[in-house]
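The values are calculated or read from the model by the stated rules, or taken from the named source; none is laboratory data. Fair warning: this is a prediction, and the values are worked out from it, not measured in the lab. Cβ coordinates were reconstructed from backbone atoms using ideal geometry, including for glycine residues, and neighbour counts include every protein chain displayed. SASA here: full protein model, heavy atoms, side chains in, ligands and nucleic acids out. Shrake-Rupley method; radii C 1.70, N 1.55, O 1.52, S 1.80 Å.
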Amino acid sequence: MPSGSRKRATRSNPATLLQKSKPTRRRWRSRLRTKARSEKILVPEGTADVAVNTPIAVILGEGEDKTAIKSSKPATAPTKAQKPQAKTQDAPVSKPAKAPEAPAPQAASDPDIPEGTEMVTMTMREALRDAMAEEMRRDKDVFVMGEEVAEYQGAYKVTQGLLQEFGAKRVIDTPITEHGFAGLGIGAALAGLKPIVEFMTFNFAMQAMDQLINSAAKTLYMSGGQMGCQIVFRGPNGAAARVAAQHSQDYSAWYSHIPGLKVIAPSTAADAKGLLKAAIRDLNPVIFLENEILYGHSSPVPKLDDFVLPIGKAKIARAGNDVTIIAWSVGMTYALKAAEELASDGIDAEVIDLRTLKPMDTDTILASVQKTGRAVTVEEGWQQSGVGAEIAARIAEHAFDNLDAPVARVSGKEVPMPYAANLEKLALPSVAEVVEAAKAVCYR
Amino acid sequence: MAVAQKNPSADVKSVAEFSKEQELSSYRTMLVIRRFEEKAGQMYGMGLIGGFCHLYIGQEAVVVGMQMVLKEGDQVITGYRDHGHMIATGMDPKGVMAELTGRAHGYSKGKGGSMHMFSVEKGFYGGHGIVGAQVPLGTGLAFANHYRGNKNLSVTYFGDGAANQGQVYESFNMAELWKLPVIYVIENNRYAMGTSITRSSAEVNLSRRGLSFNIPGDQVDGMDVRAVKAAGEKAAEWCRSGKGPYILEMLTYRYRGHSMSDPAKYRTREEVDEVRTHHDPIDMARHRILEKKFASEDALKKIDGEVRDLINQAAEFATHDPEPDVSELYTDVYR
């Protein structure tokens, strides 16, 4: 980008001015000098390796006294944790402990597809079915249960043919009893089976939310690692078409909030297959968010005996240099179309398909943003506390210096999904909104 | 306030004939649970145990009698009033007490606490803090037995309070529909926290709660370990022969408050004393033992002493075991 086009929309609180690149700092200082009465430099100019978030200067605001500066110290020393009160003389006195570093999620790269591998075009629906069938052939402890998964062949035909191949013992129609069968599946998993529990849609899984979170996600931790559950909850998530508020919610953010769960949301048939196989084999509870609109979309899937993809690894769906668009699941359809439109306007967008929401592949996002300096997130879910908000926060925490514009979020509007066709369209994100957001962060 | 039931008057009157060994061993286990809980109460008062702590005192015969009918591979699961179940399944009181004090060698490395302990080895599947949540889980344990075609069953305990949760009936339906080997043991101690059963339940005979699912149920004198065993035998045979689930309503009583912070003002002192004096499961076992001359006063005193030592050792261990290492903060979230 030509440097003249760099405009900052960021507004910073002068008292917490962060360590920035030199030109930025100079620019901000000169700006601040005009506003503030006085300042105290805490870190001398030219100091190397100043940690991000270290205050480098204190600037007095209007009406503030100069004595306020004297008490300011560079916050290099760790603040002392409060000493916990020991309740009795017998209890060993707890040392004020600092929380250890959270382990960084690690994910392998996608397996290499051998040259000459046949690519079979199939729908996501077929890919999901094949993934389940392959894993059920491989492991007798794997079974599938849910409403209409057997005789009816799946409300969305995702389990088509499974009853015929595996029989009623392993393909189980449940009553309409989400709370009950979710808990029953978790119990079976605690006993060592590997259930695939289908929710007709994740909208109905709210009835089962307590079991998913309190029983599935937390038991491994609460048992000190003794007892976990290997279970997959899958089904369509988010809006379908014209089904209104109670059948159109996107739960991406809800589940990805929970430690102990893994959350996957693929956008292509190949990813759906490779990741569902990985989810079934994963020792932890996995929430597998599908999308009704995508079920019928066809895309190539490598014809391999055992095609398994790594959980926790994002994919560069389209390489580019000017702006990073981050999406997953059906959001990818908006993102990729927007990227094409942007290309015709001379903006070279990079599109990241997150694929896994938890653990999130922050490295791939940051590497891209470090290159482009601009980011747009796309999701059907609501904006407040959404996945886009989390991505924006991570970029702000770890790639602030690389940003040339604030992160933009394209999301579902904060309303219950309306039924009327025109309003529904407005409530959902659109290609035009993604294009607009991408142009905005490029100052175009 | 509604009038509480006077005495547990069960419709299953039959009691199992206990041998000397059975009387003595069940007496001893009930006593271990009693003394453990008394000690836990003391340690709570000393600030060594934090959070919630729900004592099982008064209900010991239920879990001890049921445990006598279980076989290798059977599973046990319950709610938050779970210390007695852990001891009955054979878990080490040291590990249970150290979990209560939140120490490194507690059953959950100090990360679970009173309501969340497990032992794969002993077939104890928790220890669940959300009222009623263990019922679908226990039904799932039974599902696993059914799927594998073994002859094991799951004993799924819950209280009179949990009996009003919707997921209990979702579980009943699937369990009977698929003929799952699960004994639902409803420990009716008459109070869901501070709400007596007559104030919370349209049908107070909880053994009838499975009627519309065709699940048979019996009311049992849960203060008599022999009655519990007899009812348990009948239910277990039903389950193991492939007939599906069975409900046992154990009429029992807790002497202490719902949790440590409960002054139990919703019932009279007399009501508690009446049960304590005339229906205490441990006193009754003691009298039988003496009456049948299975053991002398001195021999029983010796058992009492051994039990006290065991519990004191557990308390000692749980007091001096270190807290979990800070590195444990992030372990066991995933595996």
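When the surface is traced with a 1.4 Å probe over the full set of protein chains, A:His297 keeps roughly 80 Å² accessible. Each label was represented as a point 7 Å from its Cα along the Cα-to-Cβ direction; for A:Gln246 and B:Ser241 these points are 4.5 nm apart. With a 1.4 Å probe rolled over the protein heavy atoms of all chains, the accessible area of A:Tyr156, B:Tyr27 falls in the order A:Tyr156, B:Tyr27, largest first. Going from the isolated chain to the complete set of protein chains, segment B:157-181 loses at least 30 Å² of heavy-atom accessible area (1.4 Å probe) at B:Gln167, B:Glu170, B:Met174, B:Trp178. Rolling a 1.4 Å probe across the protein heavy atoms gives the protein assembly as shown an accessible surface of 43 Å² per residue.
Largest first, the three principal axis extents of the alpha carbons in segment B:1-143 are 44, 41, 35 Å in whole numbers.
Summed over both chains, the accessible area lost when B and A associate is about 4400 Å², using a 1.4 Å probe.
For B:Ile282, the solvent-accessible surface with a 1.4 Å probe is about 10 Å², rounded to the nearest 10.
Scattering from segment A:184-338 was approximated by placing one identical point on each alpha carbon and applying the Debye formula without solvent; log10 I(q)/I(0) at 0.15, 0.17, 0.21 1/Å stands at -0.83, -1.04, -1.40. Each listed q (0.29 Å⁻¹) maps to a log10 I(q)/I(0) for segment B:50-118 from the Debye sum over equal C-alpha point scatterers, namely -1.33.
Applying a DSSP loop filter and a limit of 11 other Cβ atoms within 10 Å to the chymotrypsin sites (Phe, Trp or Tyr not before Pro) in segment A:316-389 leaves nothing. From the Kirkwood radius over Cα pairs of segment A:306-444, Stokes-Einstein at 20 °C and 1.002 mPa s returns a whole-number translational diffusion coefficient of 143 µm²/s. Model label points for A:Thr47 and A:Glu101, set 7 angstrom from Cα along the Cα-to-Cβ axis, are 2.3 nm apart. Amide H contacts of A:Glu290 (H built 1.01 Å from N, in plane; Pro and chain starts excluded): A:Gly235, A:Asn237 sit under 5 Å, all sequence-distant by 5 or more or on other chains.
Mind giving me the FRET efficiency for B:Glu72 and A:Leu423? R0 is 60 Å, r the Cβ-Cβ distance, nearest 0.05 is fine. Calculated value: 0.45.
Of the residues A:Ala216, A:Ser430, B:Tyr334, the one whose Cα sits farthest towards the positive end of the charge dipole of the protein assembly as shown is A:Ser430 (charges of +1 on Lys and Arg Cβ, -1 on Asp and Glu Cβ, taken about the Cα centre). Per atom type, segment B:142-190 shows carbon and sulfur on 50% of its accessible surface, probed at 1.4 Å.
For segment A:368-436, divide the Cα radius of gyration by the Kirkwood radius and give the resulting Rg/Rh value with two decimals.
1.06
Remark: accessible surface ordering of B:Lys229, B:Lys179 (largest first) is B:Lys179, B:Lys229, probe radius 1.4 Å. Considering chain B, its Cα convex hull presents a mean projected area of 16.8 nm². If the limit is 32 Å between Cα atoms, which of B:Lys94/B:Lys234; A:Lys218/B:Lys229; B:Lys20/B:Lys265; A:Lys337/A:Lys413 go over it? Pairs exceeding 32 Å: B:Lys94/B:Lys234; A:Lys218/B:Lys229; B:Lys20/B:Lys265.
Estimated from the Cβ-Cβ distance and a Förster radius of 35 angstrom, the FRET efficiency linking B:Thr198 and B:Glu17 is about 0.50.
Dividing the radius of gyration of the alpha carbons in segment A:229-299 by their Kirkwood radius gives 0.99 for Rg/Rh. Note on the protein assembly as shown: with charges restricted to the Cβ of Lys and Arg (+1) and Asp and Glu (-1), its dipole about the Cα centre is near 2400 debye. Backbone geometry of segment B:211-216 corresponds, through the Karplus equation with coefficients 6.51, -1.76 and 1.60 at θ = phi - 60°, to 3J(HN,Hα) couplings of 4, 6, 9, 6, 8, x Hz, x marking Gly and Pro. Using every alpha carbon pair in segment A:172-244, what percent of pairs falls into each 5 Å bin from 0 up to the bin containing the largest distance? Calculated over all Cα pairs of segment A:172-244, the distribution is 4, 17, 26, 23, 15, 9, 4, 2, 1, 0 percent. List the residues of segment A:297-320 whose backbone N lies under 12 Å from a point placed 7 Å from the Cα of A:Asp110 along the Cα-to-Cβ direction. Residues passing the 12 Å test: A:300-302, A:308-310, A:313-319. Counted over all Cα-Cα pairs of segment B:226-335, pairs farther apart than 25 Å make up 60 percent. Interface burial in segment B:97-125 reaches 10 Å² or more for B:Arg103, B:Tyr107, B:Ser108, B:Lys109, B:Lys111, B:His116, B:Phe118, B:Val120, B:Tyr125, comparing the full protein assembly with the chain by itself; accessible area from heavy atoms with a 1.4 Å probe. On the principal axes of its alpha-carbon atoms, the protein assembly as shown has extents of 100, 74, 51 Å, going from largest to smallest.
Protein-only accessible surface at a 1.4 angstrom probe places the residues B:Arg335, A:Arg125, B:Arg226, B:Arg269 in the order B:Arg269, B:Arg335, A:Arg125, B:Arg226, largest first. Charge dipole of segment A:97-222 (Cα centre as origin; +1 on each Lys and Arg Cβ, -1 on each Asp and Glu Cβ, all else neutral): 460 debye, rounded to the nearest 20. A 1.4 Å probe, protein heavy atoms only, puts the accessible area of A:Tyr152 near 120 Å². Once the dipole of segment A:96-213 is set up with Lys and Arg at +1 and Asp and Glu at -1 on Cβ about the Cα centre, which of A:Ala131, A:Met145, A:Ser109 lies farthest towards its positive end? Result: A:Met145.
With coordinates expressed along the principal axes, the C-alpha atoms belonging to segment B:81-232 extend over 47, 42, 31 Å, beginning with the largest. Once the partner protein chains are put back, segment A:269-286 shows a loss of at least 20 square angstrom of accessible area, versus the chain by itself, at A:Leu283, A:Asn284 (probe 1.4 Å, ligands and nucleic acids excluded).
Restricted to Cα atoms, segment A:118-258 shows a radius of gyration and a Dmax of 15.4, 46 angstrom. Taking amide H as placed 1.01 Å from N in the peptide plane, A:Phe143 has its amide H under 5 Å from the amide H of A:Lys194, A:Ile196, each at least 5 places away in sequence or on another chain.
At a 1.4 Å probe, what is the % contribution of carbon and sulfur to the accessible area of segment B:228-321? Of the solvent-accessible surface of segment B:228-321, carbon and sulfur hold 52 percent.
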